[in-house]
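See below for the structure under consideration.
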Amino acid sequence: MGNVRRPRHGSMQYWPRVRARRSYPRVRSWVSAKEAKLLGFAGYKIGMTHLLLTDNRPNSKTKGQDISCPATVVECPPLKMVSIRFYKRDAYGSRVATEVFTNKVDKDLQRTLPVPKKDTTQKLSQINPKDYDTVTVLLHTQPRLTALGKKKPEIFEMALGGSVEEKFAYAKENLGKEVKVEDILKEGQQVDIHAVTKGKGFQGPVKRFGVTLRSHKSEKTKRGPGSLGAWCGQGHIMYRVAHAGKMGYHTRTEYNKWLLKITNDSSKINPSGGFMRLGNVKSSYVLVKGSIPGPSKRLIRFTAPIRENKGIPKDAPAIQYISVESHQ
């Protein structure tokens, strides 16, 4: 039997393979939207299940039939708006010109960052949004509302849709309040998923890059990474050579994931005995078609799609059955 020919793993598209600085991702680019609201949300990955749904894709071979579909459960407790950031653009790029914090700060937020003691909300009446280029908000999660068993919230920045005046009005209205997933996302919508993948520790080149194992009759080493560099000189090794090292824990983005269901009825998703090493879902949750990067309990960020797939319908399919069999 001949050898299986395939390109080695480790796409140069993701080079250098830098490991994430923290367990939840940051988002660098946002889509412009006309509606004044948050351009994304966040939740905790719980696990996976399977369901039966009626296929409503127009060009599918199984259109109108009930098909089995894997889905990921993401618990999305309400986010709290901590502050409003006003950006000004200069010769060196956009910079934060001023920031206004809410006076209704949770005690758990002190576990993440130092909370200002002075009340700065009085600045809002003196701010003219036309003097700034854009407005964003700072949000934090509420893990106490879940069964994760953690108290320290994650905090991140989120962009807003609409004009600068509309962004300012929306942020001013919701400063210090809770924002629910039902108000931001809707069923049948496509989203981009930002997450940090599983960390696999120190691995060899065979698992890390797919380096070929040599024949059992080979007199040399048992694996062949190829040329390590020039024979003469100072022994410089090219950075593209496959070597052993830490694998995984990278920030990755998956485009155009389909939201199948958004609800706060946890009785329809909790399996008997609860999810493995987690328990039961307590707050609102989202069912996303397919898999999502990262392990369970990790924070997942949703954003509005940058390049939406026109072949996916904008209406969510009818779900006939959701598996709640025990995972124990």
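The values are calculated or read from the model by the stated rules, or taken from the named source; none is laboratory data. Not measured: the values here are computed from a predicted model. As a convention, Cβ positions derive from the backbone with ideal geometry for all residues, glycine included, and neighbour counts pool all protein chains shown.
Listed values, structure above:
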{"item": "Residues satisfying the stated conditions in region 58-108, i.e. among the basic types (K, R) and under 30 Å from D119 (Cα atoms)", "result": "K80, R85, K88, R89, R95, K104, K107"}
{"item": "Lone unmet requirement of (1) among the aliphatic types (A, V, I, L, M); (2) touching a Gly at 6+ places or on another chain (Cβ under 9 Å); (3) surrounded by 19 or more Cβ atoms within 10 Å (Cβ to Cβ) for V105", "result": "(3)"}
{"item": "Condition met for A195 (free of Cβ contacts under 8 Å to residues at least 60 places away in the same chain, surrounded by 14 or more Cβ atoms within 10 Å (Cβ to Cβ) and either in contact with a Gly (Cβ under 9 Å, 6 or more places away or on another chain) or of a type in the set (A, V, I, L, M) (or both))", "result": "no"}
{"item": "Unique match (being at pLDDT 95 or above and not in a loop (DSSP other than H, G, I, E, B)) among A97, A71", "result": "A71"}
{"item": "Residue list for region 31-59, filter: farther than 23 Å from I292 by Cα and of a type in the set (G, A, S)", "result": "S32, A33, A36"}
{"item": "All positions within region 112-129 that are in contact (Cβ under 8 Å) with a residue 12 or more places away in the chain, within 32 Å of the chain's Cα centre (by Cα) and over 28 Å from S283 (Cβ atoms)", "result": "P116, T120, L124, P129"}
{"item": "Residue within region 130-153 that is hydrophobic (A, V, I, L, M, F, W, C) and free of Cβ contacts under 8 Å to residues at least 24 places away in the same chain present", "result": "no"}
{"item": "Criterion (of a type in the set (K, R) and outside any strand (DSSP E or B)) met by exactly one of K80, K61", "result": "K61"}
{"item": "Strands (runs of 3 or more DSSP E) contained entirely in region 145-205, each with at least 1 residues that are of a type in the set (F, W, Y) and either over 15 Å from G40 (Cα atoms) or modelled with pLDDT under 95 (or both)", "result": "199-203"}
